[in-house]
Amino acid sequence: MDFKDYKDVVHIIRDISFSLKKNHCLGIVGESGSGKSITCRAILGLLGKNFNIEGDAFFEGINLLKADKRRIRRIRGKEVSMILQNPMTSFDPLYSIENQMIETLVENLGISISEAKPLCLKAVEEMNIINPKVVLKKYPHELSGGMLQRVMIGIALTLKPQIIIADEPTTAVDSANQIKVLKEFANIKEKYHTSMIFISHDLGAISKVADDIIVMKDGRIVEQGTAKEILNSPKNHHTKYLIDTRKSLVDRFNYIIK
Amino acid sequence: MLLQVENVYKSYSKSCGIIKKEKLQVLKGVSFKLHRSECLGIIGESGSGKSTLGRLIIGVEKPDNGNIFINNTNINSSRGKSIKKDVSVVFQDYFSSVNPRFKIIDIISEPIRVYEKLSKKDTTLKIINLLERVGLSKKFLSRYPHELSGGQLQRVCIARAIATKPKFIVLDEAISSLDVSIQVQILDLLKELKNDIDISYIFITHDLTAVTYICDRVIFFHDGNIVEQVDNIEDLKNVKNDYSKNLLQAATQMNVREAIYENQRVS
């Protein structure tokens with residue numbers, strides 16, 4: 001997949017190109033406002049009309065930015081799934097978890113409701129949620145952020161997409177559950193051979209799952225390479241700054257633990 | 001003793017259906033003390049009641065049972081009002097804790113107006129001073145909240161919190177919604193302020209890494225109870241309670257050094 005992008009009036013993103021290899025995880029790291037999320041939204045065509053997007057994004061030979069709407073809708077969800085930052089507001093509060101899962105599955109996989117039910121249970125079970133049957137009957141406000149996040153990952157996985165785009169999936173989750181969510185992502189990649197784009201402001205989280213890393217600042221890519229290169233020998237000073245600030249936080253922690 | 005919390009209980013009533021009401025016990029007998037110029041960390045997961053505790057301490061809510069003393073004065077007694085000047089608070093959601101129609105100068109001048117009688121000129125001078133204290137320049141004075149970034153706005157909230165020269169500040173997840181790099185900047189600022197103006201913090205968070213960066217003591221909070229207390233942060237590795245161990249382990253896994261890249265993949 002190639003992606004080239006250029007925006008006008010207020011330049012949010014300028015001349016970005018990257019590619020996602022099969023069964024690889026691409027981490028996009030940057031501070032808030034650096035344009036990480038909007039890049040991914042642009043690829044999926046989720047931005048409104050007042051955004052002027054130029055460039056191309058190819059998914060298996062289809063240009064996502066130029067293809068017609070119906071085709072994109074079929075790709076979005078079925079082939080490319082997105083996991084959002086805030087699990088608490090991504091679910092409809094008026095419907096039970098099961099209802100929402102069924103709705104998504106019926107819509108995207110074209111199966112009947114009775115076929116979708118066992119799939120829901122399986123999805124929740126695979127996310128290592130305790131009492132899966134009880135959880136399915138609950139409403140979003142009755143579950144914790146970490147649980148909802150795992151339900152959302154579960155839904156995304158059941159659709160067996162080629163690409164999962166995860167936008168800050170660990171930010172709204174308690175630190176005790178963050179590592180669980182990250183493990184889930186690592187599992188997914190191994191088990192289902194899914195490709196992933198993992199967006200975060202936290203280099204710590206990125207380094208746990210990403211194979212390749214892009215560092216963004218003010219709508220530009222300042223550095224890109226394999227995770228090993230970026231983390232072990234960063235060249236750009238912004239990358240160094242991100243690594244150093246995190247290191248100063250972690251060093252004190254490790255000093256106390258040792 | 002700066003702050004003393006004694007056997008505090010708090011419950012909320014939760015309606016189930018139209019008539020039936022259930023009581024939700026949030027705090028179940030919490031006691032602890034805060035000394036002068038120390039930073040006390042309160043760590044727990046969401047729903048553990050740590051934020052409720054913070055709200056009780058600043059006096060916006062009253063406990064069902066038990067007492068809270070600041071400088072040996074009960075904050076919920078009639079004499080307690082004047083003592084509230086000694087407490088300040090900084091919340092997680094910086095944007096909703098300021099009035100979006102106020103300029104930065106109005107936001108910070110509000111607590112000064114309530115507690116001090118200063119002329120307009122002196123107030124402005126004081127505000128400029130406070131802004132410089134938190135690392136912002138006076139060009140921010142006439143800006144509106146939406147014109148500032150998250151880190152800058154949180155600095156404004158800190159400036160507002162220290163405007164009345166409080167004895168301690170309750171920091172309720174004050175850095176949780178900021179980027180990691182900005183988190184470190186704010187933590188450094190808090191440390192600096194602590195040394196300069198002799199102030200104590202109650203640092204409420206779910207992030208153990210941030211606790212080790214700034215706190216002297218830690219309280220582990222779980223399900224409305226204090227499950228463990230670490231009086232010297234360097235003893236953190238010796239925690240005994242299962243819940244605290246869990247948190248520590250999760251944090252340790254997250255914090256394996258980036259430099260030893262190969263060893264720390266989660267799979």
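Descriptive notes on the structure:
- Annotation: for a label point projected 7 angstrom from Cα along Cα→Cβ of B:Tyr9, residues of the stretch B:203-240 with backbone N closer than 15 Å are B:224-225.
- Per-residue ³J(HN,Hα) for the stretch B:139-144, Karplus 6.51 cos²θ - 1.76 cosθ + 1.60, θ = phi - 60°, Hz, x for Gly and Pro: 5, 7, 3, 9, 8, 9
- For the stretch A:2-257, share of DSSP beta bridges that run antiparallel, in % to the nearest 5: 45 percent
- Taken along the Cα-to-beta-carbon direction at a fixed 7 Å, the label points for B:Arg101 and B:Asn225 span 4.8 nm.
- Helix-only [θ]222 nm of the protein assembly as shown, DSSP H runs n ≥ 4, -39500 (n - 2.57) each, per residue, nearest 500: -12000 deg cm²/dmol
- Footprinting exposure proxy for B:Met1, A:Met88, A:Met152 (fewest neighbouring C-beta atoms within 10 Å first): B:Met1, A:Met88, A:Met152
- Annotation: amide H of B:Ile42 within the under-5 Å range of B:Phe203, B:Ile204, B:Thr205, B:Ile219, sequence separation 5 or more or interchain, hydrogens built in the peptide plane.
- Full-extension gain in nm, B:Lys240 to B:Asp198, via 0.36 nm per residue minus C-alpha separation: 11.9 nm
- Rel. contact order, % - alpha carbon contacts under 8 angstrom, at least six apart, the stretch B:72-138: 17 percent
- Global size of chain B as Cα Rg and Dmax, reported in angstrom: 19.7, 63
- Convex hull (Cα only) mean projected area of the stretch A:35-188, reported in nm² to one decimal: 9.8 nm²
- 3J(HN,Hα) along the stretch A:218-228, derived from phi through the Karplus expression 6.51 cos²θ - 1.76 cosθ + 1.60 where θ = phi - 60°, amounts to 6, x, 10, 8, 9, 7, 9, x, 6, 4, 4 Hz, with x in place of Gly and Pro.
- Seen from B:Phe32, the other residues with C-beta closer than 14 Å to its C-beta sum to a net charge of -1, counting Lys and Arg as +1 and Asp and Glu as -1.
- Close amide-amide hydrogen proximity is noted between B:Val89 and B:Val170, each under 5 Å apart and 5 or more residues distant or on a separate chain (H modeled in the peptide plane; Pro and chain starts excluded).
- Convex hull volume of the Cα atoms of the protein assembly as shown, normalised per residue: 170 Å³.
- Sorted by Cβ density within 10 Å, fewest first, the residues A:Thr239, A:Thr170: A:Thr239, A:Thr170
- Using the Cβ of B:Phe140 as centre and a radius below 11 Å, the other residues enclosed give a net charge of +3, where K and R count +1 and D and E count -1.
- Difference of contour (0.36 nm per residue) and Cα-Cα distance, B:Lys33 to B:Leu141: 35.1 nm
- Segment A:Ile62-A:Asn128, extension gain: residue separation times 0.36 nm, minus the distance between their alpha carbons: 20.2 nm
- Contact order for chain B, expressed relative to its length and based on alpha carbon pairs under 8 Å spaced 6+ residues apart, stands at 24 percent.
- DSSP bridge orientation in chain B - percent antiparallel, rounded to nearest 5: 55 percent
- Here r is the Cβ-Cβ distance between B:Ser77 and A:Phe51 and R0 is 45 Å; the resulting FRET efficiency, rounded to 0.05, is 0.20.
- With contacts taken as Cα pairs under 8 Å and at least 6 residues apart, chain A reaches a relative contact order of 27 percent.
- Spatially, the stretch A:24-79 and the stretch B:1-43 are offset by 46 Å when compared through their Cα centroids.
- What the phi angles of the stretch B:220-229 give under the Karplus curve with 6.51, -1.76 and 1.60, with θ = phi - 60°, is a coupling list of 8, 10, 8, 6, x, 10, 7, 8, 7, 10 Hz, glycine and proline written as x.
- Summed side-chain charge close to B:Ser88 - residues other than B:Ser88 whose Cβ falls under 13 Å, Lys, Arg +1, Asp, Glu -1: +2
- The order of B:Ser181, B:Ser37, A:Ser34, going from fewest to most other C-beta atoms within 10 Å of their C-beta, is B:Ser37, B:Ser181, A:Ser34.
- Under-5 Å amide H pairs with B:Glu228, H placed in peptide plane, nonlocal only: B:Phe220
Any read-out appearing in this document is the output of simple, stated calculations on the displayed coordinates, not a laboratory observation. Please read all numbers here as calculations on a predicted model, not as lab measurements. Ideal geometry is used to build each Cβ from the backbone, glycine not excepted, and the neighbour counts take in all protein chains shown.
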